[in-house]
Amino acid sequence: MGFPVNRPRRLRTTETMRRLVAENQVTVNDLVYPLFTCPGTNVKEPIGSMDGCFHISPDIIAEEAKEVAELGIPAVLLFGLPSKKDAVGSESADVNGAVPQAIKAIKAACPDLLVITDVCLCAYTDHGHCGVLKDGRIENDTSCGLLAEMALVHARAGADIVAPSDMMDGRIGVMRKRLDEEGFVDTAIMSYSAKYASAFYGPFRDAAHSAPGKGDRKSYQMDPPNSDEAMVEMELDLQEGADILMVKPGLPYLDIICRARQRFDVPVAAYHVSGEYMAVNAAAEAGLIDKQAAMMECLVSLKRAGAGIIITYYAKEAARQIS
Ligand code: PBG
């Protein structure tokens, strides 16, 4: 068979027809909204490099969380800043830090909203690397121990899911063991498993004040040309106890999302990162593209590739558009 019997355009004739045959749909249930917390009181400071994003102190962050929950978005991903940075990122495991306080405030105001926390040292170290340094090299195993303590502090404060984004080897196993030892057997781990050394994190590093002072992250984050290696990272993370696998960034790595979805039977998350977000916004601002349409196209592409969870700064806008 073929033309003229087959006419694929028949199924595209009207909006309703297209709706009927759509293979994928982004729903509000898929979305995760990132939030940034910082020390202090009554702080709500715009993040210059990221439209619509703010550093918010724990005492007032519940207002933002309520808005997210009311939109039906199931989860927030929480990032924090310390009051001061040092070589080993001491404040990353401070029980009175901004993140633990923010977790408690959000859980008190919105008990059903899932709180996911980013677990990484880069915002807490004065050198800006995701692990600790010795003689200019990242000390993998020492870093894992510190990250596990950070995750434990978050779990104690009430985090539902911890999300290590450091890319040290073995950190999932160390973290799972530490959480279990302390009774947090139900705290889930969403691993930034295939996190690439990407230029698309530019705006975020401004937000987290976390650009590495010297060097880059290429000795721990993945090299963009690699795809098989992402499968190795994911396999290891699953063996070590990860519950959810993440690919980051999103759109430049749709093939990785697709391979992960086909190969592993756990939820796959995609992080539509700051640079992807701001690139669309900048193009829209310049009058080059339709922002709402481009936003939904980005999100449905992540879904089509196989991401059941989409972390995006567009979560609130998308939720409004979907409903
Ligand atoms: C911290 C971290 C980064 C992002 C999430 N967690 C930055 C980085 O690794 O440089 C990026 C998020 C974004 O760009 O939206 N390790």
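The values are calculated or read from the model by the stated rules, or taken from the named source; none is laboratory data. No experiment lies behind these values; they were computed from the predicted model shown. When we count neighbours, we look across all protein chains shown, and the Cβ atoms used for this are built from the backbone with ideal geometry, even at glycine. Keep in mind that these areas ignore ligands, DNA and RNA; they rest on the heavy atoms of the full protein, side chains included. Shrake-Rupley method; radii C 1.70, N 1.55, O 1.52, S 1.80 Å.
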Result for the stretch 234-323: accessible area per residue, probe 1.4 angstrom, in square angstrom, of 40 Å²
Return the whole-Å distance between the Cα centroid of the stretch 253-278 and the Cα centroid of the stretch 49-117.
-> 24 Å
For Gly308, distant residues with modelled amide H under 5 Å away | Val268
Accessible-area value, Asp59, 1.4 Å probe, nucleic acids and ligands omitted, Å² | 90 Å²
Here the net charge surrounding Ile56, from other residues whose Cβ is less than 12 Å away from its Cβ (Lys, Arg +1; Asp, Glu -1), is -4
Considering the dipole of the chain built from charges on the beta carbon (Lys and Arg +1, Asp and Glu -1) around the Cα centre, which of Ile322, Val115, Met50 is farthest to its positive end?
-> Ile322
Which of the lysines could a cross-linker bridge to Lys291, judged by Cα under 28 Å and excluding same-chain residues fewer than eight apart?
-> Lys44, Lys66, Lys195, Lys248, Lys303, Lys316
Cα gyration tensor category, rounded, prolate or oblate, for the stretch 195-323 with a/c compared to 1.5 = oblate
Quickly rank 219-228, 181-190 as a protection proxy: mean count of other C-beta atoms within 10 Å, highest first.
-> 181-190, 219-228
With DNA, RNA and ligands ignored, accessible area of Thr14 (1.4 Å probe; Å², nearest 10) | 70 Å²
If you take the square roots of the eigenvalues of the alpha-carbon gyration tensor of the stretch 123-272 and sort them as a ≥ b ≥ c, do you get rounded (a/c under 1.5), prolate (a/b over b/c) or oblate?
-> oblate
With +1 on the Cβ of every Lys and Arg and -1 on the Cβ of every Asp and Glu, the dipole magnitude of the chain about its Cα centre, in debye rounded to the nearest 20, is 1100 debye
In degrees, nearest 10, the alpha-carbon axis of helix 228-240 is tilted away from the dominant principal axis of the alpha carbons of the chain by 60 degrees
Helix 254-263 sits off the longest principal axis of the Cα atoms of the chain, rounded to the nearest 10 on a 0 to 90 degree scale, by 90 degrees
With Cβ to Cβ distances under 10 Å as the rule, what net charge do the other residues near Ala194 carry (K, R +1; D, E -1)?
-> 0
The stretch 91-152, accessible area per residue, ligands and nucleic acids excluded (1.4 Å, Å²) = 38 Å²
Hey, what did the chain get for relative contact order, percent, Cα under 8 Å, at least 6 apart?
-> 17 percent
Crossing angle, helix 171-181 versus the chain [Cα axis fit, 0-90 degrees, rounded to tens] = 70 degrees
Working with all protein chains in place, sort Lys195, Lys85 by solvent-accessible area computed with a 1.4 Å probe, largest first.
-> Lys85, Lys195
Radius, Kirkwood style, for the chain when every pair of distinct Cα atoms is counted (Å) = 20.2 Å
So what is the calculated 222 nm ellipticity per residue for the chain, using -39500 (n - 2.57) for each DSSP H run with n of 4 or more, over all residues, to the nearest 500 deg cm²/dmol?
-> -11500 deg cm²/dmol
In the chain, with Lys and Arg counted as +1 and Asp and Glu as -1 at Cβ, which of these residues, Leu254, Tyr192, Gln221, has the Cα nearest the positive end of the dipole, that is, farthest along it?
-> Leu254
Take the solvent-accessible surface of the protein heavy atoms, probe 1.4 Å, and return the percent of it on the stretch 1-105 that carbon and sulfur atoms account for.
-> 53 percent
